[in-house]
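Engineer: Okay, here's the structure, questions in a sec.
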Amino acid sequence: MDELMFLGILAVVGIVVLALLFYYVPIGVWFYSVVSGVRVGLLQLIFMRWRRVPASMIVNELITGTKAGLSLNVNEMEAHYLAGGNLPNVVKALISAQKANIALDFKMATAIDLAGRNVAEAVQMSVNPKVINTPPVTAVAKDGIQLIAKARVTVRANIKQLVGGAGEETVLARVGEGIVSSIGSSVSHKSVLENPDFISRVVLDKGLDAGTAFEILSIDIADIDVGKNIGAFLQMDQANADKNIAQAKAEEKRAMAVANEQEMKAKAQEARAKVIMAEAEIPMAIAEAFRNGNLGIMDYYKLKNIQADTQMREQIARPEPVRKDSKPIQSK
């Protein structure tokens, strides 16, 4: 019984040892590489296992590239994988570039891949140019008419500028800026509508693809619509602003006139008050004259007669108001 238990333990240990051996020693992958004509050392495959690098993926991409005529280095492929790169995408891009006679080596391809760009898509775009539609670009000609233009930009990937080059957003922004400047420099919107290719020539001459990851092949104006009359709106706004300024100035003058009128009324009331106060002192002065003997009774009556004559003259000179119920006197 003890011998059977011992043999069972040995069998389990042997199975575990064989499993570990086949895991860390990828004999199947090594045999597949040998059969495919790509020699990879068994010890190197074991080290890949220890470094947690998928040996099967490295060997498959090495076989694919070698069969396509590429000269790949296993250490460089393993280093790119450890750096976080997409090794299958890089190998695919290298094969496509070789078939299209595009100068692209492994170092440049890995640099583009690590920069965050899809190197395989870039190679395809270099072979098959891409058309980018710009959003509606609004611009105003010198005659004040607004134009809304849409353009189609045909671009091709510039492999040498993919690392550090600007993307599609920059190309669209530059094209939009070129459209605005070309329309804005036009004397009339009619000339732009008659010759829309003028915009394309002006924009292409600016060299908008400098510093970008693309090469602009053509810029085609797809559509131009006439918008608002911005010049008329600006003139109306200016007229309204001038009117508001004039009204404000008139209101200021009116307020100053009202203030001057109130000030004159106040001064008149003050003068009237002084006259009333002076007239109030007249009886006292007369009484004082009577007491001092400077004024006699006859002088006083003469003064009263003069005052009565003055009041009568004022009443005669004042026009009598016409009554509504009065009738004109008819002559017999």
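Engineer: Considering only protein heavy atoms, what is the solvent-accessible area of Ile102 at a probe of 1.4 Å, reported in Å² to the nearest 10?
Structural biologist: Looks like 40 Å² after rounding.
Engineer: Can you spot the lysines whose alpha carbon is less than 28 Å from Lys160's alpha carbon? Ignore those fewer than 8 places along the same chain.
Structural biologist: Lys67, Lys92, Lys99, Lys107, Lys130, Lys206
Engineer: Report the GluC sites (Glu not before Pro) located in the range 115-172 that are in a DSSP loop and have at most 15 other Cβ atoms inside 10 Å of their Cβ, or state none.
Structural biologist: Nothing satisfies the criteria.
Engineer: Let me ask something else. Pull up all non-local amide H partners of Ile132: gap of 5 or more, or a different chain, and H-to-H distance under 5 Å with H placed in the peptide plane.
Structural biologist: Counting only residues 5 or more places away or on other chains, the set is Val153, Thr154, Val155.
Engineer: Tell me, what ³J(HN,Hα) does each residue in the range 209-220 have, in order and in whole Hz, if you take phi through Karplus 6.51 cos²θ - 1.76 cosθ + 1.60 with θ = phi - 60° and put x for Gly and Pro?
Structural biologist: 8, 5, x, 10, 8, 10, 10, 7, 8, 7, 10, 10
Engineer: On to the next question. Rg and Dmax in Å for the range 202-254, alpha carbons only: what are they?
Structural biologist: Calculated on Cα positions, Rg and Dmax stand at 23.3, 68 Å.
Engineer: Now, a different point. Where does each of 152-164, 278-290 land if you order them by average Cβ count within 10 Å, highest first?
Structural biologist: Working: 152-164: 18.0, 278-290: 11.2.
Output ranking for 152-164, 278-290: 152-164, 278-290.
Engineer: Right, next: Report the calculated FRET efficiency for Leu204 and Ala246 (r = Cβ-Cβ distance, R0 = 56 Å), to the nearest 0.05.
Structural biologist: Working: r = 50 Å, r/R0 = 0.89.
Given R0 = 56 Å and the Cβ-Cβ separation, E is 0.65.
Engineer: When the accessible area of the range 24-164 is computed with all protein chains present and a 1.4 Å probe, what percentage of it is carbon and sulfur?
Structural biologist: Details: 3890 of 7400 Å².
In the range 24-164, the share of accessible area belonging to carbon and sulfur is 53 percent.
Engineer: Calculate I(q)/I(0) for the range 104-159 by the Debye formula, one identical point scatterer on each C-alpha and no solvent, and give its log10 at q = 0.13, 0.15, 0.28 Å⁻¹ to two decimals.
Structural biologist: -0.52, -0.59, -1.05
Engineer: Taking a 1.4 Å probe, which of Leu62, Leu82, Leu303, Leu70 shows the most accessible area, and what order do the others take after it? Show your work: numbers first, answer last.
Structural biologist: Numbers: Leu62 10, Leu82 100, Leu303 65, Leu70 30 Å².
Most to least solvent-accessible, the answer reads Leu82, Leu303, Leu70, Leu62.
Engineer: Ok, one more. So what is the accessible area of the range 84-150 per residue, in Å², with the probe set to 1.4 Å? Before the final figure, lay out each step's value.
Structural biologist: Details: 3300 Å² over 67 residues.
Spelled out: the 1.4 Å probe surface of the range 84-150, per residue, equals 49 Å².
Engineer: Apply the Debye scattering formula to the range 166-259, with a single equal point scatterer on each alpha-carbon and no solvent, then give log10 I(q)/I(0) at q = 0.11, 0.12, 0.21 Å⁻¹.
Structural biologist: Each listed q maps to, in turn, -0.53, -0.57, -1.03.
Engineer: If you average the C-alpha positions of the range 173-189 and of the range 238-266 separately, how far apart do those two centres end up, in angstrom?
Structural biologist: Value for the Cα centre distance between the two parts: 46 Å.
Engineer: Could you work out what % of the accessible surface of the range 182-332 is carbon and sulfur, using a 1.4 angstrom probe and leaving DNA, RNA and ligands out of the count? Before the final figure, lay out each step's value.
Structural biologist: Values: 7050 of 12360 Å².
In the range 182-332, the share of accessible area belonging to carbon and sulfur is 57 percent.
Engineer: So how do Met57, Met77 rank on accessible area, 1.4 Å probe, biggest first, that is with the largest at the start? Present the calculation step by step, with values, prior to reporting the outcome.
Structural biologist: Numbers: Met57 40, Met77 0 Å².
Heavy-atom accessible area, descending, gives Met57, Met77.
Engineer: Counting only heavy atoms of the protein chains, get the accessible area per residue of the range 164-211 (1.4 Å probe) and round it to a whole Å² value.
Structural biologist: On the way: 2460 Å² over 48 residues.
Solvent-accessible surface per residue comes out at 51 Å².
The values are calculated or read from the model by the stated rules, or taken from the named source; none is laboratory data. Predicted model, so just to flag it, every value in this text is computed and none were measured. Cβ sites come from the backbone with ideal geometry, for glycine too, and all protein chains shown count toward neighbours. Note: accessible area is taken over every heavy atom of the protein model, side chains too, but ligands, DNA and RNA are not part of it. Shrake-Rupley method; radii C 1.70, N 1.55, O 1.52, S 1.80 Å.
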